Amino acid sequence: MYKEVAKLILYRNLGKDSILLKLSGIFEDFELKRASNAQLTTRIYEQMKALLDLATQYGFDKNLWHNYLTFILLTNENSFSITSEKIGANNGTVNHFAKGDFNIFKKLFDFNFAPIENELGIDCFTTVCNYHSIQKKERMYNKNVSEKVQAVSEQIEQAADADEIFRIVTDFYAAYGVGMFGLNRAFRIKHLEDGVEFLPINNTERVVLDDLIGYELQKKKLVDNTEAFIKGLPCNNVLLCGDAGTGKSTSIKALLNEYYDQGLRMIEIYKHQFQDLSGIIARIKNRNYRFIIYMDDLSFEEFEIEYKYLKAVIEGGMETRPDNVLIYATSNRRHLIKETWNDRDDMQIDNGMHRSDTMQEKLSLVARFGVTIYYGKPSPKEYLTIVKELRRRYPSITCTDEELCAEANKWELSHGGISGRTAQQFINYMAGQLSG
């Protein structure tokens, strides 16, 4: 094994904690008799634990060794894989080196662990190659990654040679991409001293636009702008404003499920992270995806100045916004920044500015979103229509429409008033009571 791993060129940067590199070192010591059997066994068990931890995190099953090798191929960002993402294979000399690496992975897929198992009296490699995992709830692991890795793993198992593996892997790169952006839909960020770290959101809501009842004009406006963005056509940053519980956030989350396969990815950030916006954009501007930077429930108090970072990034800084980045935000405020009566008074303040100038600076943030979409709360009639449409998804709710509407009216009086969110919470309550 160690001789093959040492020959990797494009896929050789595996990280210092790589299971493959550490197993390679163990097998080298085994063949050269540089460690006792007890020492080798202990080291192997350490890597087996790491492999099982990875398998649990991603819900791998059957052949964990093959799943792990496939995970490397789909997540390793190198000159070949990044060039191939969302495009696929191109003609070039680099393909020669890629096929050389894939030939090594073919040998690793077919590696015979019997000699070391027989010598050490262990069976852990045989066990992880014939694994039966405990079924877990979807929210306990990254199902999206798990399904894709296992599907490609099974294809590579059947591959006859390196050329076929080349086709399988580059087809995946073309369809989804590579690395965390290829396998995951959405991300949060973590501030670091030297930049930012992207943290995948393992389980995003599986909502689609049809789940949001009503608001057809709003959804169409949002879809039209997003589809233009996906196609590389002129488009705008979007602000969804209006009453609470009307489906603003749901609409944006649904876009991710609609357009993920077309290269859409989403990065959720909070206002205290706006200072990292430039760093985020620098990391993603040269990738072959379309990124929506998503800001939920955006608003600023009069003493908060984070909005200045946002204004500069949207429009106004020296560097133009990349074509593959848009900003979508939701807010319950039309003007985003709290305005006081003092702002309206045009008297001069200590620094020589007029208060009306301050007000104009605050209001200019909204103007920098090219599209503003308003979501108003439903009328009482529309609220009951939403309730009746939602109940269709729950066969257990068998009461008449009259009885349902009567209960829905009682519910909204004590649960935040009329809104789509209130309707959904009411239906959840009804379904839970009747299912119990």
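The values are calculated or read from the model by the stated rules, or taken from the named source; none is laboratory data. It should be emphasised that the depicted structure is a prediction, and the values quoted were computed from it without experimental measurement. In this analysis, Cβ positions are derived from the backbone assuming ideal geometry, glycine residues included, and neighbour counts consider all displayed protein chains. Only protein heavy atoms, including side chains, enter the accessible area calculation; ligands, DNA and RNA are left aside. Shrake-Rupley method; radii C 1.70, N 1.55, O 1.52, S 1.80 Å.
Quick notes on this one:
- Within the stretch 394-414, if we keep just the residues that are within 17 Å of ILE213 (Cβ to Cβ) and modelled with pLDDT under 90, the residue that is nearest to the chain's Cα centre (by Cα) turns out to be TYR394.
- Which numbered condition ARG167 misses (of (1) open to solvent by less than 60 Å² (accessible area, probe 1.4 Å); (2) at pLDDT 95 or above): (1)
- Against the list (1) out of contact with any Lys or Arg (no Cβ under 8 Å at 6 or more places or on another chain); (2) at pLDDT below 90; (3) surrounded by fewer than 19 Cβ atoms within 10 Å (Cβ to Cβ); (4) not hydroxyl-bearing (Ser, Thr, Tyr), the condition ARG368 fails is (1).
- Top-ranked residue in the stretch 112-149 [being in a loop (DSSP other than H, G, I, E, B) and buried (at least 16 other Cβ atoms within 10 Å of the Cβ); ranked as modelled with the lowest pLDDT]: TYR141
- Of all residues in the stretch 264-298, exactly one satisfies the criterion of being modelled with pLDDT under 90, open to solvent by less than 10 Å² (accessible area, probe 1.4 Å) and over 17 Å from GLU197 (Cα atoms), namely LEU298.
- Filter result for PHE97 (open to solvent by less than 50 Å² (accessible area, probe 1.4 Å) and among the hydrophobic types (A, V, I, L, M, F, W, C)): no
- Scanning the stretch 166-196 for residues that are in a helix (DSSP H, G or I) and small (Gly, Ala, Ser) gives ALA174, ALA175, GLY179, GLY182.
- From the list ILE19, ILE72, ILE104, ILE82, the lone residue that is touching a helix residue (DSSP H, G or I) at 6+ places or on another chain (Cβ under 9 Å), over 26 Å from ALA175 (Cα atoms) and of a type outside the set (Phe, Trp, Tyr) is ILE19.
- From the options LEU298, LEU222, residue that is assigned to a helix (DSSP H, G or I) and within 15 Å of ALA329 (Cβ to Cβ): LEU222
- Residue list for the stretch 114-135, restricted to those being within 30 Å of the chain's Cα centre (by Cα) and either within 19 Å of THR42 (Cβ to Cβ) or among the aromatic types (Phe, Trp, Tyr) (or both): VAL128, TYR131
- Selection status of THR56, modelled with pLDDT of 95 or more and surrounded by fewer than 16 Cβ atoms within 10 Å (Cβ to Cβ): no
- Sole residue being under 21 Å from the mean Cα position of the chain (by Cα), surrounded by fewer than 19 Cβ atoms within 10 Å (Cβ to Cβ) and of a type in the set (D, E, K, R), chosen from LYS221, LYS190: LYS190
- The stretch 150-165 residues that are assigned to a helix (DSSP H, G or I), paired with ones that are of a type outside the set (Ser, Thr, Tyr) and open to solvent by 70 Å² or more (accessible area, probe 1.4 Å) (beta carbon under 8 Å, 6 or more apart): GLN150/LYS62; ALA162/LYS99; ASP163/LYS99
- Given (1) among the hydrophobic types (A, V, I, L, M, F, W, C); (2) free of Cβ contacts under 8 Å to residues at least 40 places away in the same chain; (3) crowded, with 21+ Cβ neighbours inside 10 Å, index of the condition LEU64 fails: (2)
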